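Colleague: The structure is given below, and queries will be raised subsequently.
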Amino acid sequence: MNAVCGGAARTLRVAGRHGYAAEFSPYLPGRLACAAAQHYGIAGCGTLLILDPNESGLRLFRSFDWSDGLFDVTWSENNEHVLITCSGDGSLQLWDTAKAAGPLQVYKEHTQEVYSVDWSQTRGEQLVVSGSWDQTVKLWDPTVGKSLCTFRGHENVIYSTIWSPHIPGCLASASGDQTLRIWDVKAAGVRIVIPAHQAEILSCDWCKYNENLLVTGAVDCSLRGWDLRNVRQPVFELLGHTYAIRRVKFSLFFSSVLASCSYDFTVRFWNFSKPDPLLETVEHHTEFTCGLDFSLQSPTQVADCSWDETIKIYDPACLTIPA
């Protein structure tokens, strides 16, 4: 394991660990969690890595091992030390970075790989949502040992589940069945089904500035924007990736900026309101790029991770100039 601060990117290489997800802490500036797996997630164990920036790049603050690959990670919204990961054995794990060992709790109900986990950002409700290859979405209260409810309807693997940052109890899921679905916790069912692509959808995200706008990223190499008030056609389509789009994230600081990472090894930054929307292509990985996040504290800071065993924090040029 070694840290390199080369060019503009702070880099940590973790030998034998292939990165699946990266998420900045909502509390501590620069602190980053990364979910990783041995052997590209096909076999072996997983590791949760907690990183902090330092003068030379990135330092490993703490790491936790699990018996199966870890595919996603989400920070608690009410405790700066607590995170949840999800893994290939169908379980979710609750960790505390203030403790050297863990997990504190394991939630095991999914019957296949859990590929997505997200902690609600809405104040007043501490809920976690998970999405699995068993085609179900599950809702959890971390203080309760079992799920609160299970959402069924997807007809293939679920790759992405994410809470609305605007509407309490509302979440989105994206699936290999080529649909984006909007769910309502209170109604315990699906509100909207959008046939968003003619390909597997690997990622979705909510716009932070418009409660009706979501983006999807798919195996067809396209990103599509969806307005929930009229879902017959996408409101934008972004083309440029040459292989499947693994993850997509909206900026927290720029209302029409988003980023995507792909199996084409690149991270791309877009402004969907511009006639020429591609702002920048970052090519600093040599394998599938799977994890991506915008900092919650810095308007220009981005983190990503890849199957090339590296985790990077950097400031893309396009974000240092108002987009």
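The values are calculated or read from the model by the stated rules, or taken from the named source; none is laboratory data. Not measured: the values here are computed from a predicted model. Here the Cβ positions follow ideal geometry from the backbone for every residue, glycine too, while neighbour counts run over all protein chains shown. With ligands, DNA and RNA removed, areas are computed over all heavy atoms of the protein, side chains included. Shrake-Rupley method; radii C 1.70, N 1.55, O 1.52, S 1.80 Å.
Colleague: Quick check: anything in region 278-296 free of Cβ contacts under 8 Å to residues at least 12 places away in the same chain, farther than 24 Å from Ile167 by Cβ and not basic (Lys, Arg)?
Modeller: no
Colleague: Please tell me if Val157 is open to solvent by 30 Å² or more (accessible area, probe 1.4 Å) and of a type in the set (A, V, I, L, M).
Modeller: no
Colleague: Only one of Leu252, Leu258 is aliphatic (A, V, I, L, M) and assigned to a strand (DSSP E or B); which?
Modeller: From the options Leu252, Leu258, the qualifying one is Leu258.
Colleague: Now for a separate question. Considering only region 94-110, I want to know if a residue exists there that is within 14 Å of the chain's Cα centre (by Cα) and either under 22 Å from Pro26 (Cα atoms) or in contact (Cβ under 8 Å) with a residue 24 or more places away in the chain (or both).
Modeller: Checked region 94-110: no residue is within 14 Å of the chain's Cα centre (by Cα) and either under 22 Å from Pro26 (Cα atoms) or in contact (Cβ under 8 Å) with a residue 24 or more places away in the chain (or both).
Colleague: Still on this model: Name the residue, out of Pro142, Pro165, that is in contact (Cβ under 8 Å) with a residue 60 or more places away in the chain and either among the basic types (Lys, Arg) or open to solvent by less than 50 Å² (accessible area, probe 1.4 Å) (or both).
Modeller: Of Pro142, Pro165, the one residue that is in contact (Cβ under 8 Å) with a residue 60 or more places away in the chain and either among the basic types (Lys, Arg) or open to solvent by less than 50 Å² (accessible area, probe 1.4 Å) (or both) is Pro142.
Colleague: Based on what the data block shows, is Thr150 within 30 Å of Asp177 (Cα to Cα), among the polar types (S, T, N, Q) and in contact with a strand residue (DSSP E or B) (Cβ under 8 Å, 6 or more places away or on another chain)?
Modeller: Answer is yes for this residue.
Colleague: I'd like to check something: does region 71-91 contain any residue that is open to solvent by less than 20 Å² (accessible area, probe 1.4 Å), more than 20 Å from Asp293 (Cα to Cα) and part of a strand (DSSP E or B)?
Modeller: Yes, that holds for at least one residue.
Colleague: When region 176-211 is examined, which residues are found to be of a type in the set (S, T, N, Q), open to solvent by 30 Å² or more (accessible area, probe 1.4 Å) and within 16 Å of Asn230 (Cα to Cα)?
Modeller: Asn210
Colleague: While we're looking at this one, here's another question. Cβ-Cβ under 8 Å, sequence separation 6+ or interchain: first residue in region 180-196 and outside any loop (DSSP other than H, G, I, E, B), partner basic (Lys, Arg) and open to solvent by less than 70 Å² (accessible area, probe 1.4 Å). Which pairs?
Modeller: Sorted first by the residue in region 180-196, then by its partner, the pairs are Val190/Arg181; Ile192/Arg181; Val193/Arg181; Ile194/Arg181.
Colleague: Tell me whether region 120-137 contains one or more residues that are touching a His at 6+ places or on another chain (Cβ under 6 Å), touching a residue at least 24 places away in the same chain (Cβ under 8 Å) and in a strand (DSSP E or B).
Modeller: yes
Colleague: Count, please, the residues in region 263-293 that happen to be open to solvent by less than 10 Å² (accessible area, probe 1.4 Å) and within 13 Å of the chain's Cα centre (by Cα).
Modeller: 4
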